[in-house]
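**Q** Encoded as structure tokens, here's the structure I'll be asking about.
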Amino acid sequence: MEKGIETRDKILNAAMLMAREVGFDGLTIGETAKLVGMSKSGVFAHFESRDALLLNVIEFTAQDF
């Protein structure tokens, strides 16, 4: 698996766990970045906005389910 894909999956896993804890309204780029040990700009490199992250978390969760 490519490093970029691995990083993206790591971000999505962390965001999914956060959403389970605090709900989608509480999901933030900053807190997600902290969970994976990245900067906010690093997360933004994979997801151009919070909305894009949310949509990808929903899709990722559906695939996981």
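**Q** Grab the Cα-Cα distance for SER49 and ASN13, subtract it from 0.36 nm times how many residues apart they are, and report the gain in nm with one decimal. Each step should come with its number before you reach the end.
**A** Numbers: separation 36, 0.36 × 36 = 12.96 nm, distance 1.69 nm.
Contour length minus the Cα-Cα distance gives 11.3 nm.
**Q** Something else: Within the chain, report the GluC sites (Glu not before Pro) that DSSP leaves as loop and that have at most 13 other Cβ atoms within 10 Å. If you can, show how the numbers build up before the last one.
**A** Details: sites: GLU2, GLU6, GLU21, GLU31, GLU48, GLU59; in loops: GLU2, GLU48.
In loop regions of the chain (DSSP not H, G, I, E or B), the sparsely surrounded GluC sites (Glu not before Pro) are GLU2, GLU48.
**Q** Run the accessible area of the chain with a 1.4 Å probe and give the carbon-and-sulfur part as a rounded percent. The partial results should precede the final answer.
**A** Details: 2350 of 4310 Å².
Accessible surface attributable to carbon and sulfur in the chain totals 54 percent.
**Q** Just tell me which aspartates and glutamates come within less than 15 Å, Cα to Cα, of LYS40; anything on the same chain fewer than 8 places away is out.
**A** In chain and number order, the partners are GLU31, GLU48, ASP51.
**Q** Here's a follow-up. Would you mind computing, in nm to one decimal, how far apart the modelled labels at ILE5 and LYS34 are, each placed 7 Å from Cα along Cα→Cβ?
**A** 3.2
**Q** Which of GLY42, ILE58, ASN13 sits farthest toward the positive end of the charge dipole of the chain, with +1 on the Cβ of Lys and Arg and -1 on the Cβ of Asp and Glu?
**A** With unit charges placed on the Cβ atoms, the residue in question is GLY42.
**Q** What label, among (1) 1.48; (2) 1.39; (3) 0.99, belongs to Cα Rg over 2.2 N^0.38 Å computed from the structure on display?
**A** (3)
The values are calculated or read from the model by the stated rules, or taken from the named source; none is laboratory data. Here the structure is a predicted model, which means the values were calculated and not measured. Cβ atoms come from the backbone with ideal geometry, glycine included; neighbour counts cover every protein chain shown. All accessible areas refer to the heavy atoms of the entire protein, side chains included, with ligands and DNA or RNA removed. Shrake-Rupley method; radii C 1.70, N 1.55, O 1.52, S 1.80 Å.
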